[in-house]
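Engineer: Below is a structure I'd like to ask you about.
The values are calculated or read from the model by the stated rules, or taken from the named source; none is laboratory data. Nothing here was measured: the structure is a model prediction, and the numbers come from that model. Heads up, the Cβs are rebuilt from the backbone with ideal geometry, glycines too, and the neighbour counts pull from every protein chain shown.
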Amino acid sequence: MNSQRSLTFVALALIPCSGCQESANREPDSSKPFEAGKAFSQINVKEQSNRPDIDISDYTLITNNAEADRADAEAIMEVKKNYPVAMRTKDRALFDRILARNFTFRGRADFFGRADYIDNRVQGAITDWSVKYENIALQLFGEIAIVTYRNVIKGNDALGKPDYTEHMSWADIYLKENGEWKIGAVHLIDYREEIH
């Protein structure tokens, strides 16, 4: 009886190892986002904004393959720049182009799905504001990316005088849909407001 148990134990112990050789003989999956053993680095990338009311001067790309990630990073940053443009202009078609089909937004007290979020932004009160983006960091994980940042929004009253300043920290999730980068989710991390 003990020899039968020993034989069963040895057979069970060998089962996982039989799959090891097969996995070692497979070619590496080129769709994996990272190369094993390759060190990550931070690269500061300068940006130019052609809108004085939307200030994005640079961002940090976290990567272990800058050459491969650069085109995707540029495409993501283009979507990032269009996001405040859509909010400011209340352009439903632009929101439709840059938000993923399962987009979600989580603010201080708000939670919206895609359709409700677009309606809320398009029908909201018109405000006169400018936004500065700070400490933007972007990292890709295949066809998903995360962008973290702070922004400072300055608003004016009806007479054009400075009225308030908002300081916010965010995490955005980007994903590829049909080969194009879209915003999949926006989450508020921290919020502070100053009334002037």
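Engineer: For the range 84-101, name all the residues that are within 20 Å of the chain's Cα centre (by Cα) and loosely packed, with under 14 Cβ neighbours inside 10 Å.
Structural biologist: Scanning the range 84-101 gives Asp96, Arg97, Arg101.
Engineer: I've got another one for you. Among residues belonging to the range 108-141 that are small (Gly, Ala, Ser) and modelled with pLDDT of 95 or more, point out the one that is farthest from Asp190 (Cα to Cα).
Structural biologist: Ala115
Rundown of residues vs (1) closer than 15 Å to Ile146 by Cα; (2) modelled with pLDDT under 55; (3) not hydrophobic (A, V, I, L, M, F, W, C), yes/no style:
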{"site": "Asp29", "(1), (2), (3)": "no, yes, yes"}
{"site": "Ala39", "(1), (2), (3)": "no, no, no"}
{"site": "Asn44", "(1), (2), (3)": "no, no, yes"}
{"site": "Asn50", "(1), (2), (3)": "no, no, yes"}
{"site": "Val79", "(1), (2), (3)": "yes, no, no"}
{"site": "Phe95", "(1), (2), (3)": "no, no, no"}
{"site": "Phe103", "(1), (2), (3)": "yes, no, no"}
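Engineer: What about Glu194, is it surrounded by fewer than 15 Cβ atoms within 10 Å (Cβ to Cβ) and not hydrophobic (A, V, I, L, M, F, W, C)?
Structural biologist: Here the answer is yes, as Glu194 does meet what is asked.
Engineer: Does at least one position in the range 122-132 carry a residue that is of a type outside the set (Gly, Ala, Ser) and under 14 Å from the mean Cα position of the chain (by Cα)?
Structural biologist: no
Engineer: Here is a follow-up. Identify, please: which residue in the range 37-67 is of a type in the set (A, V, I, L, M, F, W, C) and part of a strand (DSSP E or B) and is, among those, surrounded by the most Cβ atoms within 10 Å (Cβ to Cβ)?
Structural biologist: Going through the qualifying residues, I end up with Leu61.
Engineer: Looking at Phe141, Phe105, Phe112, can you tell me which residue is of a type outside the set (D, E, K, R), under 24 Å from Ala75 (Cα atoms) and in contact with a strand residue (DSSP E or B) (Cβ under 9 Å, 6 or more places away or on another chain)?
Structural biologist: Residue meeting the stated conditions: Phe105.
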